[in-house]
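**Q** Handing you this structure, nothing more for now.
Where a number appears in this text, it was derived from the coordinates with a stated rule and is not lab data. Remember, predicted model here, so these are calculated numbers, not experimental data. Cβ sites come from the backbone with ideal geometry, for glycine too, and all protein chains shown count toward neighbours.
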Amino acid sequence: MFSLKNLFKILSFIIIITLAVYFAVATIQNKQNIMSFEDYDPPSSLIVEGTVIKKAKFKFIDVHSHLWDLPLKDLDKLVAEMDELNMGYIVNLSGHGFGSFRGTPQAVKDEYFEQSLKNVQENQPDRIGIFINVDFDNPDDAAHIKTQANVIRDAVAKGAIGLKVYKTLGLTSKDSKGNRVRVDDERLGPIWEVCGELGIPVLIHSADPFQFWLPKDNQNERWFELKEKPNRYYGDSDFIPPFEDIIKEQHTVFRRHKNTTFINAHLGWMGNDLDKLGKHLDEFPNVVTEFGAVIAELGRQPKTARQFFIEYQDRIMFGKDSYKPEEFHTYFRVLESDDEYFDYFRKRHAFWKMYGLNLPDEVLKKVYYKNALRLFPSIPKGLFE
């Protein structure tokens with residue numbers, strides 16, 4: 001017969017068994033010297049020269065940043081932080097904020113953009129630029145695409161300096177029938193063309209690291225990231241195509257719209273194969289690139305990366321992605337120093353060590369600001385004299 005006394009006995013038994021199993025596992029792990037990959041993080045015993053660089057050697061422009069609270073942000077405080085880093089100008093790609101994603105009414109997105117622009121123009125007009133975002137869903141509605149092209153025209157007239165394309169295009173954007181919208185969907189042509197007409201660049205992020213499609217096993221360099229962020233895995237999707245298909249679609253857009261300048265974000269996911277990236281830039285003279293969130297790829301191949309930067313010094317710009325001031329220090333150290341074997345700041349992106357590229361000053365200046373000044377004529381050049 002069931003009673004509180006019997007329930008108490010059962011619960012007590014479960015607790016005792018659980019504790020026994022816990023301590024048994026802990027004992028086995030300790031005896032067998034077992035620990036998780038996450039826990040294994042020994043400080044290096046290597047004694048070599050090297051110094052953290054907290055301020056860039058030359059003023060720089062960050063062409064890839066996200067300031068999600070721009071309408072209300074204390075811009076004087078932001079600029080003070082920028083000055084500590086020697087950042088002359090920052091480009092906020094999220095002109096419509098989180099509203100740039102599916103389901104937000106256009107009026108709400110427009111208001112976010114207007115308030116962002118107002119805050120910048122009233123407080124720090126010479127230090128912050130804003131990109132616009134548009135909705136790539138439902139390209140089968142010609143009126144919708146025309147509206148998005150007009151959104152770009154209106155925003156540029158008010159002060160927007162570029163278009164940011166999120167990875168949702170090619171991954172999750174859908175037409176009215178629920179079909180995936182390809183990056184190279186011909187119905188999106190007016191959007192790319194208006195950017196070329198207005199002379200603004202398109203910073204485009206297509207797909208994600210190719211490892212997000214590979215098996216999640218001990219052969220996958222991004223295993224830890226996929227463990228921490230399981231929603232980033234696409235290999236078992238019935239909707240999302242292979243990595244190579246999405247990248248091919250992106251390159252088709254570059255080929256079709258030669259009068260539009262594209263910034264292929266994150267080194268076009270070719271940071272692991274700089275020879276391939278070089279051939280890509282050779283093929284598409286209307287494409288430049290930046291290294292937001294992928295500096296770790298460069299820091300593990302200093303000789304190859306240094307030669308690549310020298311050879312393609314006119315085609316690379318500084319990009320960081322998320323705005324976290326302390327993380328810029330690693331970027332400066334990779335680009336400027338000849339230090340060896342130092343830490344990256346996020347293990348899920350790089351469990352390996354970094355090495356400095358020791359770039360020549362003239363190359364650094366181009367990467368830090370000269371290339372961006374050429375692309376964005378509205379940025380005050382006097383900031384960098």
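**Q** Give me, ordered by chain and number, the residues 5 or more places off Gly129 or on other chains with an amide H under 5 Å from its own placed amide H.
**A** Here the answer is Ile90, Val91, Asn92, since their amide H atoms fall under 5 Å of that of Gly129.
**Q** Here is a follow-up. Which percent, to the nearest 5, of DSSP beta bridges fully inside the chain are antiparallel?
**A** Just about 10 percent of them are antiparallel.
**Q** So what J values fall out for region 239-250 if you push phi through Karplus, 6.51 cos²θ - 1.76 cosθ + 1.60 with θ = phi - 60°, rounded to Hz, Gly and Pro as x?
**A** Residue by residue, region 239-250 yields 9, 8, x, x, 3, 4, 5, 5, 5, 4, 4, 4 Hz.
**Q** Taking a cut-off of 21 Å between Cα atoms, list the lysines near Lys59, but don't count ones fewer than 8 places away on the same chain.
**A** Lys77, Lys320, Lys324, Lys365, Lys366, Lys370, Lys381
**Q** Find how much the distance from Glu193 to Lys303 grows on full extension, using 0.36 nm per residue of separation minus their present alpha carbon separation; answer in nm with one decimal. Before the final figure, lay out the partial values.
**A** Working: separation 110, 0.36 × 110 = 39.60 nm, distance 3.86 nm.
Answer, rounded to one decimal: 35.7 nm.
**Q** Using just the helices of the chain, give the 222 nm mean residue ellipticity in deg cm²/dmol: DSSP H runs with n ≥ 4 each add -39,500 (n - 2.57), and the total is spread over all residues, rounded to 500.
**A** Estimated from H runs of four or more residues: -12000 deg cm²/dmol.
**Q** Can you compute the FRET efficiency between Lys174 and Phe98 using 1/(1 + (r/R0)^6), with r the Cβ-Cβ distance and R0 = 30 Å? Round to the nearest 0.05.
**A** Working: r = 19 Å, r/R0 = 0.63.
Given R0 = 30 Å and the Cβ-Cβ separation, E is 0.95.
**Q** Lys324 to Lys57: extension gain in nm, 0.36 nm per residue of separation minus the Cα-Cα distance?
**A** 94.3 nm
**Q** Taking 0.36 nm per residue of separation and subtracting the Cα-Cα distance, what length does fully extending Glu122 through Asp74 add?
**A** Extra length available between Glu122 and Asp74 comes to 16.1 nm.
**Q** Expressed as a rounded percentage, what relative contact order does the chain have, with Cα pairs under 8 Å and six or more residues apart?
**A** Details: 601 pairs, mean separation 63.6, N = 385.
Worked out over the chain, it gives 17 percent.
**Q** So, one more: Quick one: if the Förster radius is 45 Å, what FRET efficiency do Asp238 and Ala157 give, using the C-beta to C-beta distance and rounding to 0.05?
**A** The formula returns an efficiency of 0.60 here.
**Q** So what J values fall out for region 273-281 if you push phi through Karplus, 6.51 cos²θ - 1.76 cosθ + 1.60 with θ = phi - 60°, rounded to Hz, Gly and Pro as x?
**A** Computed from phi, the couplings for region 273-281 are 9, 5, 5, 5, 5, x, 5, 4, 5 Hz.
**Q** Kindly put Lys73, Lys229 in sequence by how many other C-beta atoms sit within 10 Å of each C-beta, fewest to most.
**A** Lys229, Lys73
**Q** How big is the dipole moment of region 60-384 about its Cα centre under a simple scheme where the beta carbon of each Lys and Arg is +1, that of each Asp and Glu is -1, and everything else is neutral? Debye, nearest 20, please.
**A** Value, rounded to 20: 260 debye.
**Q** Could you give each residue of region 367-373 its phi-based ³J(HN,Hα) in whole Hz, using Karplus coefficients 6.51, -1.76, 1.60 with θ = phi - 60°, and x for Gly or Pro?
**A** With coefficients 6.51, -1.76 and 1.60, one gets 5, 6, 8, 5, 5, 5, 4 Hz.
**Q** Along the charge dipole of region 158-305, Cβ charges K/R +1 and D/E -1, which of Ile247, Gly278, Leu169 sits furthest on the positive end?
**A** Farthest towards the positive end: Leu169.
**Q** Now for a separate question. Would you order Ser378, Ser116 from fewest to most other beta-carbon atoms within 10 Å of each residue's own beta-carbon?
**A** Ordered from fewest to most neighbouring Cβ atoms within 10 Å, Ser378, Ser116 come out as Ser378, Ser116.
**Q** Quick check: the distance between the Cα centres of region 173-210 and region 83-142, to the nearest angstrom?
**A** 17
**Q** Relative to the first principal axis of the alpha-carbon coordinates of the chain, what is the inclination of helix 106-123, with its axis defined by its Cα atoms, in degrees from 0 to 90 and to the nearest 10?
**A** The angle comes out at about 70 degrees.
**Q** Between Thr147 and Glu283, what is the label-to-label distance in nm when each label sits 7 Å out along the Cα-to-Cβ direction?
**A** 3.6
**Q** Amide H of Lys174 versus every other amide H placed in the peptide plane: which residues, excluding those fewer than 5 positions away on the same chain, fall under 5 Å?
**A** So Lys174 has HN proximity to Asn138, Val181.
**Q** Consider the candidate values (1) 1.14; (2) 0.92; (3) 1.01; state which one is Cα Rg over 2.2 N^0.38 Å computed from the structure displayed.
**A** (1)
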